[in-house]
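Below is one structure, written out as structure tokens; comments come after it.
The values are calculated or read from the model by the stated rules, or taken from the named source; none is laboratory data. The model shown is predicted, which means the values in this text are computed figures rather than measured ones. Methodologically, a virtual Cβ is constructed for each residue, glycine included, from the backbone with ideal geometry; neighbour enumeration extends over all protein chains shown.
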Amino acid sequence: MVTLETFKGQEPAWCPGCGNFAILKTLKNVLVELQVEPHRITLVSGIGQAAKLPHYTKCNTFNGLHGRALPVATGIRLANHTMPVIVTTGDGDCYGEGGNHLMAAIRRNINVKLFVHNNQIYGLTKGQPSPTSSEGTKAKNMPGGVLSGQFNPMALAVALDCSFAARAFTGDTEHLKTMMIEAMNHKGFALIDILQPCVSFNKVNTFQWYSKRVYHLEPEYDPEDRLTAFSRALEWGDRIPIGIIYKNKRPTYEERVPALAVGELVHQCFKAGC
Amino acid sequence: MDYTIKIGGEAGQGIQTIGETLVTVFADSGFHIFSHQDYESRVRGGHNFYQIRLANKPISASRSKIDILVALDRESIHSHEHELTSHGTILYDSSMCKFIREGNNFLDIPFEDLALEHGKDKITVSTVAIGAVLGILGMELDLYNKVISDTFQERGALVIEENKNAALAGYKYVKQHKKEFPFVMTVKEEKKLLQIGGIESIAAGALASGCKFYSAYPMTPSTGIMNHLAAKAVESGVVVEQAEDEIAAINMALGASYAGVRAMTGTSGGGFALMTEGLSLAGMTETPIVIAMGQRPGPATGLPTRTEQGDLEFLVSAGHGEFPRVIYAPGTPCQAYYLTSKAFDIAEKYQIPVFILFDTYLADSLWTFEPGELKHHQYHDYRLRGDVFKNQQDYKRYLFTDSGISPLAVPGDASQVVVVDSDEHDEEGHLVEDGATRVNMVEKRLFKKLSQIKSEVASPEYYGAPEAQVLLIGWGSTYGVMKEAVDQLAPSMSIAMLHFCEIYPLPDSVRFDYLSILRESALPICIELNATGQFSRLVRAETGFMFEAFIHRYDGRPFTIEELIGEIHGHLGNV
């Protein structure tokens with residue numbers, strides 16, 4: 001029987017009040033609900049505050065390099081495609097440093113779950129703008145404000161025909177839990193962009209800022225209609241939709257790799273010299 | 001007998017097809033061959049050549065002089081006419097070259113007309129040319145006809161028939177129009193020899209050693225490994241992944257290795273520059289990985305299709321931080337096969353990155369061997385799997401042990417978790433900041449392993465006269481040409497070769513005292529295809545031995561035997 005206690009990991013080193021705590025707790029609840037044993041799942045991360053999460057959850061862990069979690073996760077899935085793999089990452093790690101890998105992973109449709117802690121700021125390096133910071137955001141290293149346009153992960157996902165793309169908010173953990181379970185049960189690559197406040201460095205996009213804006217996509221919304229999904233993905237500002245923005249039924253990468261048809265690579269035996 | 005054939009022309013004219021097909025026919029007939037290529041970084045046009053040397057004894061390098069030149073364009077005649085031996089012949093098509101040359105050394109063959117008439121397609125010019133070469137050599141067409149049948153099996157009987165007709169047309173034309181046939185083809189034993197190239201032997205060595213995962217981004221001269229592995233992916237159960245960039249390639253391979261399979265990546269200098277952070281990750285996480293690193297001249301894009309030995313020092317010091325690594329530099333396809341196999345063994349045994357450092361010249365060269373000469377290293381699975389893992393209580397990925405080697409478990413095979421971290425970590429794999437654990441971890445992954453790793457390094461190969469006065473020292477792909485230079489100079493002087501193919505860490509001089517050999521030689525010459533003598537600096541840094549004589553070449557071309565001998569003669573006044 002898997003309980004919350006099963007996943008007890010190291011003591012988190014995040015700032016008090018950080019949105020990461022809600023994500024960590026929700027993820028553990030999801031693993032308990034799905035009754036996944038710690039050795040039957042692998043958490044992969046890069047660098048950043050979000051990337052520390054695997055240490056705070058007892059399970060197989062590969063905490064690698066900044067921006068490089070997705071290639072590692074892809075390698076793990078190709079070597080052992082019955083092992084569920086979750087990547088926990090941040091907006092800087094995944095949308096900035098690892099942007100090329102994100103595009104490639106979406107296109108491959110590798111069956112990896114990508115949970116992005118998006119606080120629109122760099123926390124670990126103390127307050128520089130991230131790709132999701134809005135234009136004009138001021139920071140110590142950019143006193144004149146951000147000049148680049150804001151990165152829109154949902155629009156990118158729809159544009160690249162991502163097999164599952166959802167947005168959630170740490171202020172609504174019941175909804176976040178539903179999104180995570182939907183992602184875990186989805187056959188294919190699944191991206192959840194999780195909006196969260198950064199209590200130490202983001203004084204604009206606060207808990208209240210998000211609370212006032214986020215709303216649930218209406219029940220009759222059809223996430224499989226790509227064109228509608230694209231227009232909803234563009235919605236940002238006064239009103240920000242949360243929920244499954246887009247999904248489809250593309251075959252996974254793993255089921256199209258011929259060498260994996262006979263079973264997991266890691267369990268295919270090799271006889272020396274043949 | 002010892003003949004050289006050169007095929008020259010533009011990119012896209014089928015030079016490589018002619019060259020490789022002739023090599024197959026010669027090897028199937030029992031001749032020893034050595035071939036190398038020279039091509040530009042373009043798909044059409046320019047000037048390329050393919051050079052084949054064939055003999056009835058083992059050979060390992062190219063010669064400067066050529067006996068038969070197949071010129072598919074005028075440029076080939078202009079560039080290579082002066083390389084012809086006195087009895088040599090140039091086969092050309094005056095209408096293709098748009099000029100006529102008279103004389104005993106020229107044979108004007110209407111390649112295109114014969115191709116259209118007998119092969120029913122201009123594309124069979126290559127086939128006509130091969131038939132012509134076999135004709136002038138006085139060989140039979142039987143083996144070539146068999147090669148045609150095999151090559152075009154899927155294209156159908158008509159294509160096979162047309163190609164056989166084209167070959168016969170070229171063959172007959174030569175017989176009718178050539179008065180003298182100076183070539184005497186004698187084979188010692190009519191036994192098919194195994195032909196294999198450097199790049200293919202790396203892929204074959206990987207397959208023979210249980211490689212299950214290869215991720216890479218295409219880059220000359222390493223791309224052939226991916227092609228060869230991809231061709232065998234289904235039958236051998238290998239995943240071959242073209243990554244979005246080299247950073248992804250190495251991180252994917254590390255992910256696969258972490259998950260429990262033998263993994264490899266391959267690239268060239270520019271791509272490896274992108275991989276260096278991943279290399280450091282392999283060092284910190286102690287994840288086994290094999291990296292095939294094909295050198296070409298740099299800096300930056302350099303000469304993309306040419307050869308050099310310019311990345312040794314880069315590999316020795318690549319990646320931030322301090323961690324152990326091993327570098328092998330094979331000199332022949334046999335060594336490439338064996339050392340790739342050893343790389344997988346050592347990488348997994350010590351949980352470290354291991355390099356196969358090769359270059360364009362070795363990658364593109366074809367050699368012949370007796371079947372059975374290709375031997376792989378021992379295969380042993382060092383991972384903790386299945387029931388053995390299940391029975392290991394209190395598993396810790398980075399357990400402190402006397403050997404410094406911690407148990408490498410396959411995640412998911414037992415109820416215990418496997419945690420790895422790019423941060424400094426404790427025995428369980430969780431990040432730590434304290435100095436004491438840091439020191440213990442450096443002791444474990446670096447110092448404790450290093451002495452054992454060094455004990456696995458094989459001694460350099462000494463070839464030639466004992467206590468030789470002139471000693472040629474080299475590493476990697478210069479093996480063949482140095483060896484032949486020694487053979488050729490041996491009657492006139494006391495000469496030997498000392499070749500290193502396991503170059504980092506350097507072999508110890510206890511088991512084989514190569515340092516005394518270096519010190520006692522009157523003229524030790526360090527030969528490298530780079531501008532600054534990177535290996536000689538490594539020897540000096542590690543052993544204190546200082547070379548005073550050097551042969552460096554950095555025009556992107558390999559040495560022929562005669563060129564190297566010329567360079568050696570230049571040093572002889574100093575003995």
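Picking from A:Pro71, A:Pro16, A:Pro12, which residue would you name as being over 29 Å from A:Tyr210 (Cα atoms) and touching a residue at least 24 places away in the same chain (Cβ under 8 Å)? Exactly one residue qualifies, and that residue is A:Pro71.
The combined condition, being surrounded by 24 or more Cβ atoms within 10 Å (Cβ to Cβ), touching a residue at least 40 places away in the same chain (Cβ under 8 Å) and in the same structural domain as B:Val128 (by TED's automatic domain parsing), is not fulfilled by B:Gly14. Looking at segment A:83-101, which of its residues are at the interface with chain B (Cβ under 8 Å from one of its Cβ atoms) and touching a Gly at 6+ places or on another chain (Cβ under 8 Å)? A:Met83, A:His101 - these are the residues of segment A:83-101 that are at the interface with chain B (Cβ under 8 Å from one of its Cβ atoms) and touching a Gly at 6+ places or on another chain (Cβ under 8 Å). Within segment B:355-411, if we keep just the residues that are polar (S, T, N, Q), crowded, with 20+ Cβ neighbours inside 10 Å and within 30 Å of B:Thr478 (Cα to Cα), the residue that is farthest from the chain's Cα centre (by Cα) turns out to be B:Thr368.
Scanning segment B:140-155 for residues that are farther than 16 Å from B:Gly30 by Cβ and of a type outside the set (Lys, Arg) gives B:Leu141, B:Asn145, B:Ile148, B:Ser149, B:Asp150, B:Thr151, B:Phe152, B:Gln153, B:Glu154. For segment B:48-68, check the following and say yes or no: at least one residue is of a type in the set (A, V, I, L, M), over 22 Å from the mean Cα position of the chain (by Cα) and not assigned by TED's automatic domain parsing to the domain that holds B:Pro558. Yes: segment B:48-68 contains one or more residues that are of a type in the set (A, V, I, L, M), over 22 Å from the mean Cα position of the chain (by Cα) and not assigned by TED's automatic domain parsing to the domain that holds B:Pro558. Here A:Glu5 clears all of (1) touching a residue at least 12 places away in the same chain (Cβ under 8 Å); (2) more than 23 Å from A:Ile76 (Cα to Cα); (3) of a type outside the set (Phe, Trp, Tyr) except the condition numbered (1). Looking across segment A:34-72, the residues that are in a strand (DSSP E or B) and more than 8 Å from chain B (Cβ to nearest Cβ) come down to A:Leu43, A:Ser45, A:Thr57. Scanning segment A:120-170 for residues being free of Cβ contacts under 8 Å to residues at least 60 places away in the same chain and among the aliphatic types (A, V, I, L, M) gives a total of 6. Taken together, the residues in segment B:455-476 that are closer than 22 Å to B:Glu313 by Cβ, under 19 Å from the mean Cα position of the chain (by Cα) and surrounded by fewer than 20 Cβ atoms within 10 Å (Cβ to Cβ) amount to 0. Summed over segment B:144-170, the residues that are out of contact with any Ser or Thr (no Cβ under 9 Å at 6 or more places or on another chain), surrounded by 14 or more Cβ atoms within 10 Å (Cβ to Cβ) and among the acidic types (Asp, Glu) give a count of 1.
List every residue pair whose Cβ atoms sit under 8 Å apart, with the two residues 6 or more apart in sequence or on different chains, where the first one lies in segment B:149-163 and is in the same structural domain as B:Val25 (by TED's automatic domain parsing) and the second, anywhere, is of a type in the set (A, V, I, L, M, F, W, C) and part of a helix (DSSP H, G or I). As it stands, the answer is B:Ser149/B:Ile160; B:Phe152/B:Val159; B:Phe152/B:Ile160; B:Gln153/B:Ile160; B:Ile160/B:Ile148; B:Asn163/B:Ile148, since those pairs meet every condition given. Exactly one residue out of A:Glu220, A:Glu254, A:Glu264 is in contact with a helix residue (DSSP H, G or I) (Cβ under 7 Å, 6 or more places away or on another chain) and among the acidic types (Asp, Glu): that is A:Glu254. Here is the figure for segment B:479-518: residues that are touching a residue at least 40 places away in the same chain (Cβ under 8 Å) and among the polar types (S, T, N, Q) total 1. When B:Ile52 is tested against (1) in a loop (DSSP other than H, G, I, E, B); (2) closer than 21 Å to B:Gly12 by Cα, exactly one condition is not met: (1). The number of residues in segment B:174-193 that are over 21 Å from B:Val23 (Cβ atoms) and at pLDDT below 90 comes to 5.
The residue that is farthest from the other protein chains (Cβ to nearest Cβ), among those in segment A:225-256 that are surrounded by fewer than 20 Cβ atoms within 10 Å (Cβ to Cβ) and among the hydrophobic types (A, V, I, L, M, F, W, C), is A:Ile240.
For segment B:89-131, filtering for residues that are farther than 16 Å from B:Glu162 by Cα and of a type in the set (Gly, Ala, Ser) leaves 3.
With the structure loaded, tell me whether A:Gly75 is assigned to a helix (DSSP H, G or I), buried (at least 24 other Cβ atoms within 10 Å of the Cβ) and more than 10 Å from every other protein chain (Cβ to nearest Cβ) or whether it fails that test. So A:Gly75 does not fit the description; no.
Cβ-Cβ contacts under 8 Å between residues 6 or more apart (or on different chains), taken from a first residue in segment B:376-389 that is more than 9 Å from chain A (Cβ to nearest Cβ) to a second residue that is at pLDDT below 95, are listed as B:Leu384/B:Gln392. For segment B:216-230, state whether one or more residues are farther than 16 Å from A:Ala259 by Cβ and over 22 Å from the mean Cα position of the chain (by Cα). For segment B:216-230, residues farther than 16 Å from A:Ala259 by Cβ and over 22 Å from the mean Cα position of the chain (by Cα): absent. Of the residues making up segment B:232-248, just one is surrounded by 24 or more Cβ atoms within 10 Å (Cβ to Cβ), in contact with a strand residue (DSSP E or B) (Cβ under 8 Å, 6 or more places away or on another chain), facing chain A (nearest Cβ under 8 Å) and part of a helix (DSSP H, G or I), namely B:Ala248. Residues that are within 15 Å of B:Ala485 (Cβ to Cβ) and under 19 Å from the mean Cα position of the chain (by Cα) within segment B:525-575 comprise B:Ile527, B:Glu528, B:Leu529, B:Arg553, B:Pro558, B:Phe559, B:Thr560, B:Ile561, listed in sequence order. Of the numbered criteria (1) away from chain A (no Cβ under 14 Å); (2) crowded, with 19+ Cβ neighbours inside 10 Å; (3) in contact (Cβ under 8 Å) with a residue 40 or more places away in the chain, the one B:Thr186 fails is (2). Could you tell me whether B:Ser201 is outside the structural domain of B:Ile59 (by TED's automatic domain parsing), under 21 Å from B:Ser236 (Cα atoms) and part of a helix (DSSP H, G or I)? The answer is yes for B:Ser201. Which of the residues spanning segment B:532-551 are out of contact with any strand residue (DSSP E or B) (no Cβ under 6 Å at 6 or more places or on another chain) and more than 26 Å from B:Thr340 (Cα to Cα)? Scanning segment B:532-551 gives B:Thr532, B:Arg540, B:Ala541, B:Thr543, B:Gly544, B:Phe545, B:Met546, B:Glu548.
Condition check ((1) crowded, with 19+ Cβ neighbours inside 10 Å; (2) part of a helix (DSSP H, G or I); (3) touching a residue at least 60 places away in the same chain (Cβ under 8 Å)) across all residues:
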site: B:Phe272; (1), (2), (3): yes, yes, no
site: B:Leu279; (1), (2), (3): yes, yes, yes
site: B:Ile291; (1), (2), (3): yes, no, yes
site: B:Gly298; (1), (2), (3): no, no, no
site: B:Arg306; (1), (2), (3): yes, no, yes
site: B:Gly310; (1), (2), (3): yes, no, yes
site: B:Leu315; (1), (2), (3): yes, yes, yes
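In segment B:71-89 there is at least one residue that is among the small types (Gly, Ala, Ser), crowded, with 17+ Cβ neighbours inside 10 Å and free of Cβ contacts under 8 Å to residues at least 24 places away in the same chain.
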